[in-house]
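Everything on this sheet refers to the single structure shown next.
The values are calculated or read from the model by the stated rules, or taken from the named source; none is laboratory data. What you see is a predicted model; the values in this text were computed from it and never measured. Every residue, glycine as well, gets a Cβ built from its backbone with ideal geometry; the counts of neighbours run over all protein chains shown. Side chains are part of the model used for accessible areas, which takes the heavy atoms of the whole protein and leaves out ligands, DNA and RNA. Shrake-Rupley method; radii C 1.70, N 1.55, O 1.52, S 1.80 Å.
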Amino acid sequence: MASILTSLGRTVFAGCVLLVLILLALGANFSAPELPFVFRWLHVMCGIMWIGLLWYFNFVQIPSMPKIPDEQKPAIGKVIAPAALFWFRWAALFTVLTGIILAALNGYIHQAFTLQAPFRAIGLGMWIALVMAFNVWFIIWPNQKRALGIVAVEADVKAKSARVAMLTSRINTLLSIPMLFLMVAQSWSRVWLVVAS
């Protein structure tokens, strides 16, 4: 068991095997997999990683940086933050892609993107998620590359880039709250849809 848990790849693979075993034990029918459900599961998994990392940056890393001694900060800036930002931006992309595929498979992509009833809630959530993903790829990541020294710049540009990345990350944290609510509200309760429609 230790050999599985000491490798992230083996741990994830073991998690997938465990899922298949649980599904077999529950009598799952693998002869007719529902593609929309598979993409919903992938969408949720990617979304958990994306928003989880967004909240890690905003609730843990950013507030903790002033408390970390200067000699220890390079470990964050050179090792942890670049790795977290790698997973962060790719999780954002795959969350959006799986969400769009899911909407297409379920036949509501046009109604959602044009904010038509009864898909206004999820449509608005999708538009917010697209803004957030844009922020990740085209504002946060380029500024973080400068702030972390991945791209060499002067000290004043580095400081300004760090601030822009942080403020944009905070905007995404702000947007994540209504986005998540709208995504869940669409499939949970018609009461919320009356408000949104």
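If the condition is being among the aromatic types (Phe, Trp, Tyr), out of contact with any helix residue (DSSP H, G or I) (no Cβ under 6 Å at 6 or more places or on another chain) and not in a helix (DSSP H, G or I), then region 89-122 contributes only 108.
Of all residues in region 147-156, exactly one satisfies the criterion of being open to solvent by 50 Å² or more (accessible area, probe 1.4 Å), hydrophobic (A, V, I, L, M, F, W, C) and part of a helix (DSSP H, G or I), namely 155. Of all residue pairs spaced 6 or more apart or on separate chains, those with beta-carbon atoms under 7 Å, a first member in region 28-49 that is modelled with pLDDT under 90 and a second member that is surrounded by 14 or more Cβ atoms within 10 Å (Cβ to Cβ) are 35/105; 36/102; 36/105; 36/106. The single condition among (1) of a type in the set (A, V, I, L, M, F, W, C); (2) surrounded by 11 or more Cβ atoms within 10 Å (Cβ to Cβ); (3) modelled with pLDDT under 95; (4) not in a loop (DSSP other than H, G, I, E, B) that residue 24 does not satisfy is (2). Checking each residue in region 1-21 for being over 26 Å from the mean Cα position of the chain (by Cα) and either at pLDDT below 85 or of a type in the set (S, T, N, Q) (or both) picks out 1, 2, 3. Restricting attention to region 32-51, the residues that are open to solvent by less than 40 Å² (accessible area, probe 1.4 Å) and closer than 20 Å to residue 171 by Cβ total 3.
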